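Report on one structure; see the data block that follows.
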């Protein structure tokens with residue numbers, strides 16, 4: 001009986017090792033070297049981070065708020081300064097600003113970001129700066145689901161990164177090292193992309209964006225000015241001269257049509 005145990009026990013151990021290697025995950029090259037003792041294997045498994053699923057119920061929702069408002073004001077430059085002051089007082093900042101000089105008058109635009117929880121307050125204060133508000137609109141977009149999905153993918157990729165680092169330490173040949181490094185580089189690239197997108201969603205959901213368009217108002221009656229009257233008269237005279245010149249040019253070009261008709265009409269009238 002003892003002889004049979006001495007013969008069969010090594011065979012069972014060899015068979016168990018063969019089954020273990022056969023069940024190894026596909027795509028991961030077998031690393032040469034001695035098998036870790038049971039205690040070391042347990043310690044290595046504990047070193048890998050566990051994948052934590054985000055809790056959608058307890059997580060704060062990510063809402064992106066944007067707004068667009070048109071203000072009619074008396075002074076564009078002064079209004080732009082007042083809009084920037086509103087953003088600063090609410091804890092926000094100016095993203096960009098532009099001023100346009102046109103024949104019809106001066107106009108401008110300014111984009112500001114304010115804390116999302118003070119979005120309505122910002123709109124209320126902007127209305128107070130205007131003589132009239134011909135247009136305004138607001139929009140909200142819930143990106144909580146996208147953020148949770150990105151967070152779960154980030155956890156998975158970081159766990160994969162740790163596993164590749166462990167494989168890199170075990171790699172012995174140059175080919176094995178290059179394969180693991182390439183896979184590790186791809187994983188880290190995906191991690192950077194996801195982290196960048198998550199930061200963008202966090203920033204845009206925390207700070208709402210408002211686009212402010214500024215238009216200059218014109219009074220019903222403007223004060224009389226001699227210089228303005230003179231300029232208007234000169235423009236009128238110029239317009240009249242251009243009209244007369246255009247008429248003479250047309251008459252000269254089509255004289256071969258109306259002169260024979262005029263001569264024929266005059267002859268008939270004499271007879």
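Miscellaneous remarks
- All told, residue 230 falls short of being at pLDDT below 95, in a helix (DSSP H, G or I) and in contact with a helix residue (DSSP H, G or I) (Cβ under 7 Å, 6 or more places away or on another chain).
- Residue 96, sole failed condition from (1) farther than 15 Å from residue 212 by Cβ; (2) free of Cβ contacts under 8 Å to residues at least 60 places away in the same chain: (1)
- Restricting the first member to segment 158-175 and to residues that are farther than 24 Å from residue 193 by Cα, and the second to residues that are surrounded by 16 or more Cβ atoms within 10 Å (Cβ to Cβ), the beta-carbon pairs closer than 6 Å and six or more apart or on different chains are 171/180.
- Whichever residue in segment 61-83 is within 23 Å of the chain's Cα centre (by Cα) and surrounded by fewer than 17 Cβ atoms within 10 Å (Cβ to Cβ) and, among such residues, is modelled with the lowest pLDDT: 61
- Of the residues making up segment 138-182, those that are part of a loop (DSSP other than H, G, I, E, B) and loosely packed, with under 15 Cβ neighbours inside 10 Å are 172, 173.
- Scanning segment 84-96 for residues that are crowded, with 17+ Cβ neighbours inside 10 Å and out of contact with any strand residue (DSSP E or B) (no Cβ under 7 Å at 6 or more places or on another chain) gives a single hit, 86.
- One residue stands out in segment 101-126 among those that are more than 29 Å from residue 202 (Cβ to Cβ) and surrounded by 12 or more Cβ atoms within 10 Å (Cβ to Cβ): the one that is modelled with the lowest pLDDT, namely 105.
The values are calculated or read from the model by the stated rules, or taken from the named source; none is laboratory data. Just so we're clear, the structure is a prediction, and the values are computed from it rather than from any experiment. Reconstructed Cβ throughout: ideal geometry from the backbone, glycine too, with neighbour counts over all protein chains shown.
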